[in-house]
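Notes for the one structure printed next.
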Amino acid sequence: MANKKKIVKMKVFRFDPTVDKEPYYDTYEVETGVGYSVMNALQYVVENIDPTLAFYASCRIGVCMGCIIRINGKPLRSCATMLTEDVVLEPMDMKNLLRDLTAKSRQSL
Amino acid sequence: MIKTDVVIIGSEGAGARAALEVKKAGLEPLIVTKGMIGRCGSTVTAGADVDVDSKSIKEALGLNGDIRDSKETFFEDIIIEGKYINNQKLVEAHVEEAPDRVKEMMDWGMKVTNVLHGPGHRYPRGVYTSGQEMMRVLAREVKRANIKIYEHFMATDLVKKDGKVVGIVGLDLSTGEFVTISAKAVIIATGGGMMMYPVQTAPEDITGDGQAMAWRAGASLVDMEMIQFLACTFITPLAWKGLTFPFTIGPGVGGMEIWLMNKFGARFMSKWDPERMEHSTRDKLAIGIMNEVIDGLGSPAGGVYYSLKHLPDEIVDRYPIERNDPYLKPDWSFKGFQFKELIESMKKGKSIEVGPACHFFMGGIKINKQCETTLPGLYGAGEVCGGTHGGNRLSGNACTQILVQGKRAGENAAAYAKTCCHEEMSPAEVERLKQRVVGPIQRDCIGASAFELKKQIQNVAWQKVGVVRTGENLISALDDIAEIKKQIPGIGCRAKNRIYNKEWIDALQVESLITLLEMTTKSALLRKESRGAHFRRDAIKIDNENWLKNIIIDNKHGEVVTSCVPLMITSFIPPKEVVE
């Protein structure tokens with residue numbers, strides 16, 4: 001676990017198809033050192049910095065797989081990935097993208 | 001407006017199982033879910049043992065069961081551990097149909113690892129699989145049956161006509177549109193309300209929406225004071241909060257002999273269960289831990305110390321290799337988290353801080369054996385319904401409940417739907433329900449945000465309506481609830497995005513949570529005794545003389561009103577005396 005406090009930058013993919021012509025990135029700074037997962041940090045951003053950020057979170061314990069996004073390009077569970085260094089966060093599924101990091105599943109109505 | 005025969009709110013264990021039954025009856029089901037099938041809800045997080053009487057495990061399932069067990073013995077154990085307030089008709093259906101429901105899952109391809117013997121069960125009854133496996137099988141069957149799923153749809157209210165439920169309304173989270181769905185019958189299968197508390201083993205989406213919308217529509221609820229806490233989850237760091245790893249390798253079935261200690265190193269469980277100590281039942285463990293915390297004897301993060309220093313290295317090292325658990329791997333990884341480093345430091349003497357996390361709602365919507373609620377046209381299945389488990393749930397019975405009640409609700413809702421037509425909804429009524437949904441996105445955020453109110457609710461729940469309760473704290477909680485309720489009609493969103501707006505979702509979820517908290521608080525205040533998961537520090541005895549009753553919650557002109565009703569007894573007569 002990260003014990004020392006440090007500021008970590010999260011560069012996050014943003015796109016709202018109803019407003020934006022094309023995707024862009026926002027960078028948020030989050031203080032870690034309290035054992036944050038990437039999901040905890042995203043939740044921190046939504047509650048304290050930018051309520052417009054969209055991401056999917058359900059079980060938080062690594063089993064539902066709903067929170068898989070690209071973390072530095074790799075598909076990983078955001079709940080089970082600790083935030084220890086600067087990261088780039090992007091959606092897993094561009095084809096079914098809803099907004100920002102959230103996507104529809106392929107089984108949707 | 002969407003039209004379907006039967007709409008099912010909730011896509012996971014109970015909902016998916018119900019939908020299969022509706023389809024089998026030749027009707028068109030529509031599943032709506034706030035998340036995505038297999039990617040939300042509690043089922044996927046389950047251990048998961050699925051209880052069946054041990055004799056049937058041997059004879060009907062062909063697994064390693066004990067033929068000395070019987071359905072009658074299983075029935076008795078559920079009621080004994082439920083502290084006698086279970087609805088015995090629901091328990092009858094549960095034990096009677098469990099073998100067929102599990103057999104069916106195995107025929108559909110559900111893999112079983114072994115059979116476990118959980119605490120409180122006289123025989124090994126836990127057919128062990130995983131929640132992921134259950135959902136893999138159910139989601140595949142749903143797909144095979146061509147059942148439509150409306151994902152990212154948050155049902156917000158039931159629509160009634162002439163006293164009957166004739167459809168639902170809700171928010172399409174993927175577009176921000178308000179949607180009306182007309183149906184001949186509605187099944188609620190939305191799970192518990194564990195997000196009412198700040199630490200929980202359950203997912204983010206378990207916010208009691210089903211209980212709250214049923215109450216708003218006038219359905220009765222039962223046993224809402226009965227909430228199960230799973231002792232020994234991590235309480236720190238944030239990323240591990242609510243993870244059940246310490247429970248699984250310790251007090252859980254097949255765990256090691258770990259020690260729980262207060263800040264002076266005392267193994268306090270000796271006060272509560274000197275025989276079973278740390279392997280006591282979930283309710284006693286949670287109550288034991290929280291009494292230490294309240295008395296100022298806990299750890300800095302608000303729990304107690306958990307140690308395995310006394311165990312020889314060989315025992316600890318061999319444990320994950322021999323455990324045979326679908327989630328715990330030989331390298332100490334657990335559900336995607338890696339604990340090897342932690343375990344190595346614990347062998348050398350480091351302790352971890354653990355505490356109870358909200359795990360399960362025994363109470364919920366009142367149903368009968370046919371899974372009918374008190375409202376015509378409305379059915380319930382799974383954890384959203386109360387009565388099966390009484391005051392405490394035995395390990396493994398949640399997964400059995402979703403299968404048994406899912407089937408029953410689907411079957412009976414379909415039979416009812418065949419006798420009905422689609423009804424016109426009153427435009428004025430739909431408009432009223434719409435205003436509640438679109439209000440937060442139309443208003444500016446002036447007062448507390450939805451996120452802040454959610455935290456306030458969770459804090460009140462934990463501090464005053466948590467594991468250890470007193471009349472004084474419960475009364476004080478009602479004042480806090482009244483204050484929070486005043487702010488809810490004014491919640492506005494800072495974010496105005498229509499698509500998947502988390503602030504908007506929370507604004508709606510907060511309304512469910514506050515209703516749930518008020519129901520729990522009022523029921524807990526009325527029950528002036530301790531029973532099962534409900535522990536009153538100001539009334540610590542089980543009072544069978546006065547409290548062999550259920551507490552019912554109703555909606556009287558928009559107020560949460562409680563009353564007592566006699567137990568539903570079929571064959572098991574509870575004892576009459578007061579127990580220490």
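The values are calculated or read from the model by the stated rules, or taken from the named source; none is laboratory data. As the structure is a prediction and not an experimental result, all values here were calculated from the model. Cβ atoms come from the backbone with ideal geometry, glycine included; neighbour counts cover every protein chain shown. The area values use the complete protein model at the heavy-atom level, side chains included, leaving out ligands, DNA and RNA. Shrake-Rupley method; radii C 1.70, N 1.55, O 1.52, S 1.80 Å.
Points worth noting:
- Residue that is touching a His at 6+ places or on another chain (Cβ under 8 Å) and at positive phi, where the choices are B:GLY396, B:GLY391: B:GLY396
Listed here are the residues, each with its yes/no results for (1) open to solvent by 20 Å² or more (accessible area, probe 1.4 Å); (2) more than 30 Å from B:ALA93 (Cα to Cα); (3) part of a strand (DSSP E or B).
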site	(1), (2), (3)
B:ALA482	yes, yes, no
B:GLY492	no, yes, no
B:ASP506	no, yes, no
B:GLU511	yes, yes, no
B:LEU517	no, no, no
B:LEU525	yes, yes, no
B:VAL565	yes, no, yes
B:ILE573	yes, no, no
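- A count restricted to the stretch A:66-103 and to residues that are within 13 Å of chain B (Cβ to nearest Cβ), part of a loop (DSSP other than H, G, I, E, B) and either hydroxyl-bearing (Ser, Thr, Tyr) or open to solvent by 20 Å² or more (accessible area, probe 1.4 Å) (or both) stands at 7.
- Residue that is nearest to the other protein chains (Cβ to nearest Cβ), among those in the stretch A:10-27 that are in a loop (DSSP other than H, G, I, E, B) and touching a residue at least 60 places away in the same chain (Cβ under 8 Å): A:ASP16
- Of the residues making up the stretch B:220-236, those that are in contact with a helix residue (DSSP H, G or I) (Cβ under 9 Å, 6 or more places away or on another chain) and within 11 Å of chain A (Cβ to nearest Cβ) are B:THR233, B:PHE234.
- Flag if A:THR18 is polar (S, T, N, Q) and more than 15 Å from the chain's Cα centre (by Cα): yes
- Residue check for B:MET256: among the aliphatic types (A, V, I, L, M), free of Cβ contacts under 8 Å to residues at least 24 places away in the same chain and open to solvent by less than 20 Å² (accessible area, probe 1.4 Å): no
- Residue in the stretch B:192-203 that is under 19 Å from the mean Cα position of the chain (by Cα), open to solvent by 20 Å² or more (accessible area, probe 1.4 Å) and within 30 Å of B:LYS329 (Cβ to Cβ) present: yes
- Residue within the stretch B:134-154 that is touching a residue at least 12 places away in the same chain (Cβ under 8 Å) and under 30 Å from B:ARG276 (Cβ atoms) present: yes
- Residue match in the stretch B:205-228 (condition: open to solvent by 10 Å² or more (accessible area, probe 1.4 Å), of a type in the set (A, V, I, L, M), in contact (Cβ under 8 Å) with a residue 12 or more places away in the chain and in a loop (DSSP other than H, G, I, E, B)): no
- Test: B:GLU104 is surrounded by fewer than 22 Cβ atoms within 10 Å (Cβ to Cβ) and within 27 Å of B:LEU548 (Cβ to Cβ): no
- Contact map, the stretch A:28-54: residues that are more than 7 Å from every other protein chain (Cβ to nearest Cβ) paired with residues that are β-branched (Val, Ile, Thr) and part of a helix (DSSP H, G or I), Cβ distance under 6 Å, separation 6+ or inter-chain. Pairs shown: A:TYR28/A:VAL45; A:LEU53/A:VAL45; A:LEU53/A:VAL46.
- Residues of the stretch B:324-377 satisfying the condition of being in a loop (DSSP other than H, G, I, E, B) and aromatic (Phe, Trp, Tyr): B:TYR327, B:TRP332, B:PHE339
- Residue match in the stretch B:387-410 (condition: in contact with a Pro (Cβ under 8 Å, 6 or more places away or on another chain) and at pLDDT 95 or above): yes
- Of the residues making up the stretch B:1-16, those that are out of contact with any Pro (no Cβ under 9 Å at 6 or more places or on another chain) and crowded, with 24+ Cβ neighbours inside 10 Å are B:ILE9, B:GLY10, B:SER11, B:GLU12, B:GLY13, B:ALA14, B:GLY15, B:ALA16.
- Options B:GLY38, B:GLY109, B:GLY47; residue that is in a loop (DSSP other than H, G, I, E, B), within 14 Å of chain A (Cβ to nearest Cβ) and within 30 Å of B:LYS148 (Cβ to Cβ): B:GLY38
- Taking strands (runs of 3 or more DSSP E) as the structural unit, those lying wholly within the stretch B:114-186 and holding at least 3 residues that are open to solvent by less than 10 Å² (accessible area, probe 1.4 Å) correspond to B:153-161, B:164-172.
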